[in-house]
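The next block holds one structure in the form of structure tokens; read it before the comments.
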Amino acid sequence: MNKSILNGVGLFSLIIISINFASCSKSSPGTPPVTDVCAGKTIVITPTATATTTCGADGKIDVAATGSTGFVYKLGSTGTYGSSSSFTDLAGGDYTVFVKDGAGCEKTATVKVPSTGAAGAKFNAVKTLMVAKCQSCHNNTVANGGMNWAVDCNIVKFSGRINTRAVVDGTMPPTGPLTQTEKDVITTWITAGAAYGN
């Protein structure tokens, strides 16, 4: 650069533009633009749920995904991605399915696993007994010991605890032990499988 050209030019009025002859120009350091590999992709998730028995855990979700390749799947945000697009042994309720393609593009869909099946006679007999003898201390408002017998599936879930406390140990209810006939109601249900449909 000719020295005479720079004479009289203030330090702050000097602008230098560097030219990169690889067809790019810039006036300051920086990073090249990042291409979004997911832009323009339309990943479609189609989850199909198979019902579970009420209070059971035998439901299923099958997932189909289109719009890209190399898919992996997981159930819920805390799940782990894997190649299987089927999830089994599910209780009834709402689930979120995650799908990610080979480029790392992720999409989610929600699906409900319904519960089916009517309450069985043996379960209903136990429920009637629980309402009469136990529900005053274990309900939606007062859940002593964390137990709420107003929820049918809690009776199923904690059937072993009910059997131990009310039949084997005889320590519940606190108003006095059950009669042998009442204990037999629980034992009959437990022996049949302690399921909602029994």
Response to the item:
For segment 66-76 the number of residues that are closer than 18 Å to K112 by Cβ and either at pLDDT below 95 or part of a loop (DSSP other than H, G, I, E, B) (or both) is 1
Practice prompt. Please tell me if A121 is open to solvent by less than 80 Å² (accessible area, probe 1.4 Å), within 20 Å of C55 (Cβ to Cβ) and of a type in the set (A, V, I, L, M).
Written response: no
Item to complete: State which residue is nearest to Y73 (Cα to Cα) when the search covers only segment 86-104 and only residues that are more than 15 Å from the chain's Cα centre (by Cα) and buried (at least 17 other Cβ atoms within 10 Å of the Cβ).
Response: K100
Item to complete: Keeping to segment 135-162, report how many residues are at pLDDT 90 or above and either polar (S, T, N, Q) or within 18 Å of P177 (Cα to Cα) (or both).
Response: 5
Worksheet item: If you check every pair at least six apart or on different chains, which have Cβ atoms under 6 Å apart with a residue in segment 85-104 that is touching a residue at least 60 places away in the same chain (Cβ under 8 Å) first and a residue that is open to solvent by less than 50 Å² (accessible area, probe 1.4 Å) and not acidic (D, E) second?
Response: D101/S68; D101/F71
Item to complete: Can you confirm whether segment 169-182 contains a residue that is assigned to a helix (DSSP H, G or I), more than 21 Å from G56 (Cα to Cα) and either aliphatic (A, V, I, L, M) or without any contact (Cβ under 8 Å) to a residue 12 or more places away in the chain (or both)?
Response: yes
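Residue under question is N148, and the condition is that it be assigned to a helix (DSSP H, G or I), surrounded by 15 or more Cβ atoms within 10 Å (Cβ to Cβ) and not aromatic (F, W, Y); does it hold?
The answer is no for N148.
Specify which of the listed residues (V97, V63, V9, V34) is at pLDDT 95 or above and either outside any strand (DSSP E or B) or farther than 30 Å from I155 by Cα (or both).
V63
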Item to complete: Among the numbered conditions (1) among the aliphatic types (A, V, I, L, M); (2) farther than 24 Å from K183 by Cα; (3) open to solvent by 60 Å² or more (accessible area, probe 1.4 Å), tell me where A109 comes up short.
Response: (3)
Practice prompt. May I ask you to verify whether G79 is assigned to a loop (DSSP other than H, G, I, E, B), open to solvent by less than 70 Å² (accessible area, probe 1.4 Å) and either at pLDDT below 50 or farther than 20 Å from G102 by Cβ (or both)?
Written response: no
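The values are calculated or read from the model by the stated rules, or taken from the named source; none is laboratory data. Given the structure is predicted, the values throughout are model-derived calculations rather than measurements. FYI the Cβ positions are ideal-geometry reconstructions off the backbone, even for glycines, and counts take in every protein chain you see. Surface accessibility is based on the protein's heavy atoms, side chains included, excluding ligands, DNA and RNA. Shrake-Rupley method; radii C 1.70, N 1.55, O 1.52, S 1.80 Å.
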